[in-house]
Amino acid sequence: MVNLGSSVDASTPIAEVVDNSQLHLDLFVYEKDLPHIRKGQTIHFILTNQPGRSYAAEVCSIGTTFENETKAIAVHAIVKGDKQGLIEGMSVTAQVITANNTVPALPSEAIVNQDGTDFVFIQSGKKMEEESGHEVFEKIPIKKGPSELGYTAITLLGEAPSDAKFVTKGAFFLMSKMTNAGEAHGH
C-alpha cells in the first residue's frame with residue numbers, strides 16, 4: 001500500500017496494469033446441458049449486481065472434466081464488444097444461444113397487466129385537442145411469450161400500425177394515469 005507523495009523502494013509495486021481487451025468469461029455448465037454447447041456459440045450475460053446491461057461473449061473452449069465433485073463442466077468464452085464496467089471476479093448470469101429465432105419483443109417493463117390481461121402502449125400520433133398538446137396513447141392487448149435478459153416476446157392481440165412507436169419505459173405510470181383519468185388516453 002502506498003500513498004501519494006510517499007517514498008517506495010524500486011522493487012515495491014505501486015500499481016497493477018490490467019489489459020481488459022482480452023477478458024474471459026468462465027461458466028459452469030451442467031452435464032445435461034453439455035450436448036447443446038459448442039465452440040463459436042454466442043453467450044449473452046449480465047452482471048448479477050447490474051441486471052440492466054447486457055454483454056456478449058463467444059465460447060472458445062469446453063472443459064473435459066467435472067469441476068470439484070459437481071456435475072458441472074467449465075466453459076470458457078472471450079468477451080466481445082464493450083467491456084466497460086467489467087472487473088475480474090464479478091458474478092454473472094449467462095445464457096448460451098443454442099438457436100436463433102427472431103420474435104417481436106419489448107423490454108419487460110413495457111408490459112402492464114390490468115384485470116388479468118397484458119397490454120402495451122403505442123403512441124397514436126394524435127395530439128389532444130387541449131392547449132397542452134400532449135401525446136395520445138393507445139393500449140394494445142398482447143400475449144406474453146418467454147422472457148430473457150430483460151426482454152419479453154410478445155404477440156399483438158389487437159391492431160397496431162406497422163410503424164407504431166411502442167412505449168418502452170414508464171408504461172406502469174401511463175397505465176396508472178389512464179386508470180385514474182377514467183381511461184383518458186392523453187399524457
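The values are calculated or read from the model by the stated rules, or taken from the named source; none is laboratory data. All values reported here derive from a predicted model rather than from experimental measurement. FYI the Cβ positions are ideal-geometry reconstructions off the backbone, even for glycines, and counts take in every protein chain you see.
Across segment 126-159, the number of residues qualifying as surrounded by fewer than 16 Cβ atoms within 10 Å (Cβ to Cβ), modelled with pLDDT of 80 or more and acidic (Asp, Glu) comes to 1. For PHE172, are the conditions met, namely being surrounded by 14 or more Cβ atoms within 10 Å (Cβ to Cβ), aromatic (Phe, Trp, Tyr) and modelled with pLDDT of 85 or more? In short, no. Could you check segment 59-69 and list, in sequence order, the residues that are within 12 Å of ILE37 (Cβ to Cβ) and surrounded by 13 or more Cβ atoms within 10 Å (Cβ to Cβ)? VAL59, CYS60, ILE62, GLY63 - these are the residues of segment 59-69 that are within 12 Å of ILE37 (Cβ to Cβ) and surrounded by 13 or more Cβ atoms within 10 Å (Cβ to Cβ).
Checked against the criterion of being among the hydrophobic types (A, V, I, L, M, F, W, C), out of contact with any Phe, Trp or Tyr (no Cβ under 7 Å at 6 or more places or on another chain) and within 30 Å of ILE142 (Cβ to Cβ), the candidates VAL75, VAL59, VAL29, VAL103 yield just one match: VAL103. Restricting the search to strands (runs of 3 or more DSSP E) fully inside segment 19-78 and requiring at least 1 residues that are under 17 Å from the mean Cα position of the chain (by Cα) and small (Gly, Ala, Ser) gives 50-66.
How about segment 138-153: which of its residues are farther than 23 Å from TYR55 by Cα, out of contact with any Ser or Thr (no Cβ under 7 Å at 6 or more places or on another chain) and not charged (D, E, K, R)? If you could, list the steps in order and put the result at the bottom.
So the first thing to find is which residues in segment 138-153 are farther than 23 Å from TYR55 by Cα, and the list is 138-144.
Filter once more, so that each one left must be out of contact with any Ser or Thr (no Cβ under 7 Å at 6 or more places or on another chain): 139-140.
Across segment 138-153, the qualifying residue is only ILE140.
Of all the residues in segment 1-33, those that are farther than 25 Å from LYS83 by Cβ and touching a strand residue (DSSP E or B) at 6+ places or on another chain (Cβ under 6 Å) number 1.
Which of the residues spanning segment 89-105 are in a strand (DSSP E or B) and hydroxyl-bearing (Ser, Thr, Tyr)?
Initially, segment 89-105 is screened for residues in a strand (DSSP E or B), giving 92-96, 105.
Correct list: THR93 only.
Looking only at segment 94-123, which residues are surrounded by 12 or more Cβ atoms within 10 Å (Cβ to Cβ) and of a type in the set (Val, Ile, Thr)? Of everything in segment 94-123, those that are surrounded by 12 or more Cβ atoms within 10 Å (Cβ to Cβ) and of a type in the set (Val, Ile, Thr) turn out to be VAL96, ILE97, THR98, ILE111, VAL112, THR117, VAL120, ILE122. Taking interchain pairs and intrachain pairs at least six residues apart, which have beta carbon atoms under 6 angstrom, with the first residue in segment 15-31 and on the phi < 0 side of the Ramachandran plot and the second of a type in the set (Lys, Arg)? Note: pairs meeting the criteria are ASN20/LYS83; LEU23/LYS83; TYR30/LYS71; GLU31/LYS71.
Just one of the numbered conditions (1) part of a strand (DSSP E or B); (2) closer than 28 Å to SER21 by Cβ is not true of VAL136: (2).
Residue count for segment 140-168 satisfying the condition of being of a type outside the set (A, V, I, L, M, F, W, C) and touching a residue at least 40 places away in the same chain (Cβ under 8 Å): 8.
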